[in-house]
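First comes the structure, then the notes that go with it.
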Amino acid sequence: MHIKMLLVAALCSAPVLADDNSWKELTTNGWLTTTTQWEQDDPQSAHISRMRGLDFATQYTISATIAHSESGKQKLYFNFFSLNSEYMCKPSTEASTIVAQVNGSTVRFKHWCIHDATYKDFYFSSMTAKSAKEAKFVLNALRHAPATVNFKNDRFELDFPAIGFAQAWQASKGNTNAWNPSVQDVL
């Protein structure tokens with residue numbers, strides 16, 4: 001339920017702009033970006049929504065959520081949402097490991113393509129660092145960044161918000177009832 005609420009909030013967070021071309025002056029390379037910092041909307045998540053110009057078919061959202069695995073271990077999960085089928089993962093073709101650059105360093109992520117139970121044709125990606133060493137690297141990057149951490153893979157490059165992450169991570173310790181529902185029966 002939390003992921004679905006986050007999806008609706010994230011997909012609805014694109015700015016409302018005039019019908020003229022004035023939006024082009026507000027964007028970098030034609031992309032509109034809306035950022036929600038840690039603890040701004042939800043005490044354990046942050047997200048970025050991007051859309052090229054005013055084309056809602058290009059909109060996608062990347063969120064990070066602090067949650068717990070079924071075993072109770074606190075983890076950081078990244079989720080990639082888009083209502084555009086070209087951006088959605090395909091369960092039969094997606095790899096179980098995704099490689100990304102985090103502040104220029106290679107990090108492997110364990111990946112799942114999740115079918116949303118509410119929307120028949122909707123799939124989203126969820127991932128978490130594959131090893132304890134890689135998880136520690138990502139967590140330290142977010143803890144010690146002055147404002148953002150750069151993430152880059154074959155689908156996107158963005159600067160993810162880091163402000164408030166350290167406090168959110170510490171505040172969620174011991175909250176073992178809040179585990180990532182998107183990966184039920186996977187971990």
Residue 39 accessible area, assembled protein chains, probe 1.4 Å, Å² | 90
Take the cross-link list 90/173; 75/120; 73/120; 90/130; 90/133; 110/173 and give me the ones stretching past 24 Å between alpha-carbons.
-> 90/173; 75/120; 73/120; 90/133
Select from 72, 58, 99 the residue farthest towards the positive end of the dipole of the range 55-114; place +1 on Cβ of Lys and Arg, -1 on Cβ of Asp and Glu, and compute about the Cα centre.
-> 72
Amide H contacts of residue 122 (H built 1.01 Å from N, under 5 Å, at least 5 apart or other chain) = 116
Quick one: net charge around residue 101, please, counting Lys, Arg +1 and Asp, Glu -1 for every other residue with C-beta under 10 Å from its C-beta.
-> 0
Long-range HN-HN contacts of residue 44 with modeled amide H, under 5 Å | 39
Could you list which residues have their amide H under 5 Å from that of residue 149, counting only those 5 or more apart in sequence or on another chain, with H placed in the peptide plane?
-> 160, 162
Mind listing the phi-derived Karplus ³J(HN,Hα) values for the range 35-48, rounded to whole Hz, using 6.51, -1.76 and 1.60 with θ = phi - 60°, and x for any glycine or proline?
-> 10, 10, 6, 4, 6, 6, 9, 9, x, 10, 8, 8, 7, 10
Per residue of the range 137-143, in order, report the coupling 6.51 cos²θ - 1.76 cosθ + 1.60 (Karplus, θ = phi - 60°) as ³J(HN,Hα) in whole Hz, putting x for Gly and Pro.
-> 4, 5, 4, 5, 4, 5, 5
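The values are calculated or read from the model by the stated rules, or taken from the named source; none is laboratory data. These figures come from a predicted structure and were not determined experimentally. With ideal geometry, Cβ positions are generated from the backbone for all residues, glycine too; neighbour counts draw on all protein chains shown. Ligands, DNA and RNA are stripped out before the accessible areas are found, and what is left, the full protein with its side chains, is counted by its heavy atoms. Shrake-Rupley method; radii C 1.70, N 1.55, O 1.52, S 1.80 Å.
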